[in-house]
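The values are calculated or read from the model by the stated rules, or taken from the named source; none is laboratory data. Treat the numbers as computed from the prediction; the structure is a model and nothing was measured. Here the Cβ positions follow ideal geometry from the backbone for every residue, glycine too, while neighbour counts run over all protein chains shown.
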Amino acid sequence: MNITNIAVLVSGRGSNLQSIIDNIENGTIPHASVKVVISDVDGTYALERAKQHGIEAVFVDPGTFDNKEGFENAILLILAAHDIELVLLAGYMRVVGPTLLTPYKGRMINIHPALLPSFPGLHGQQQAYDHGVKVSGCTVHFVEEGVDTGPIIIQHCVLVLENDTVDMLADRILEQEHRIFPEAVRLFVQGKLSIEGRKVRITD
Ligand code: GAR
């Protein structure tokens, strides 16, 4: 079976990146390899994690381009150089534009720390907590043009407890992110996902 070449886009500490790397290394995600990790922020711990696993780690500085198109074209060149088939957004804090999305439509997956379509965008955990919901969670979905609007692959719910702080809630959500993101990647790599309109069919 062919190896699926994966790129991971990050902006921060990279705990979700780590969960993908670990699940590939322990064989839970078979026939896949993270070829490159790209950060839009310099010096992130996610880049460090990549290096620790012998994965190419690249900082692409958005400040050196005239516009988003230029920035995303630079990323596309890196993806092409590594023959990337699947792009994961693991705490990547930018909205992906058409330059990058179009060639990877149906092959770009994001993890979000809330039950979409509620609380899209930044600080999903905080938004849910402030709203006073009793149940929140996390969502893995294909990326499309809107912010966190793409077809949903897996969701997991997390109860909000009476004495929770937002950090306690975010920690429990993160634990589930580290479970469902690798699971979705496994399903993709094994060809078990198909998109039908808004629905993602899983044949596992
Ligand atoms: C994760 O909670 C992820 O769901 C969130 O950023 C965090 C990154 O943590 N993503 C978003 O909010 C995207 N809208 P990590 O760097 O430790 O994986």
Subset of segment 16-58 (residues that are hydrophobic (A, V, I, L, M, F, W, C) and within 20 Å of GLY191 (Cα to Cα))
ILE20, ILE21, ILE24, ILE29, ALA32, VAL34
Expected output for segment 68-79 (first residue of a type in the set (S, T, N, Q), partner assigned to a helix (DSSP H, G or I), Cβ below 8 Å, 6+ apart or cross-chain) is ASN73/THR99
Kindly provide the set of residues from segment 1-50 that are part of a loop (DSSP other than H, G, I, E, B), within 27 Å of GLY70 (Cβ to Cβ) and away from the ligand (no atom under 12 Å from the Cβ), ordered by number.
ASP40, ASP42, GLY43
May I ask you to list the residues in segment 51-69 that are assigned to a helix (DSSP H, G or I), within 16 Å of the ligand (Cβ to nearest atom) and of a type outside the set (D, E, K, R)?
GLN52
Please list, ordered by first then second residue, the pairs with beta carbon atoms under 9 Å, 6 or more apart or interchain, first in segment 5-20 and among the basic types (Lys, Arg), second in a helix (DSSP H, G or I) and crowded, with 24+ Cβ neighbours inside 10 Å.
ARG13/ALA46
Inspect all residues belonging to segment 83-93 and state whether any of them is assigned to a helix (DSSP H, G or I) and in contact with a helix residue (DSSP H, G or I) (Cβ under 9 Å, 6 or more places away or on another chain).
no
When GLU72 is run through (1) surrounded by 13 or more Cβ atoms within 10 Å (Cβ to Cβ); (2) within 16 Å of the ligand (Cβ to nearest atom); (3) part of a helix (DSSP H, G or I), the failure sits at (2)
Yes or no: VAL133 aliphatic (A, V, I, L, M) and within 14 Å of the ligand (Cβ to nearest atom)?
no
Between MET108, MET93, which is surrounded by fewer than 19 Cβ atoms within 10 Å (Cβ to Cβ) and under 23 Å from SER15 (Cα atoms)?
MET93
Is it true that VAL87 is of a type in the set (Val, Ile, Thr), closer than 27 Å to VAL58 by Cα, modelled with pLDDT of 95 or more and within 11 Å of the ligand (Cβ to nearest atom)?
no
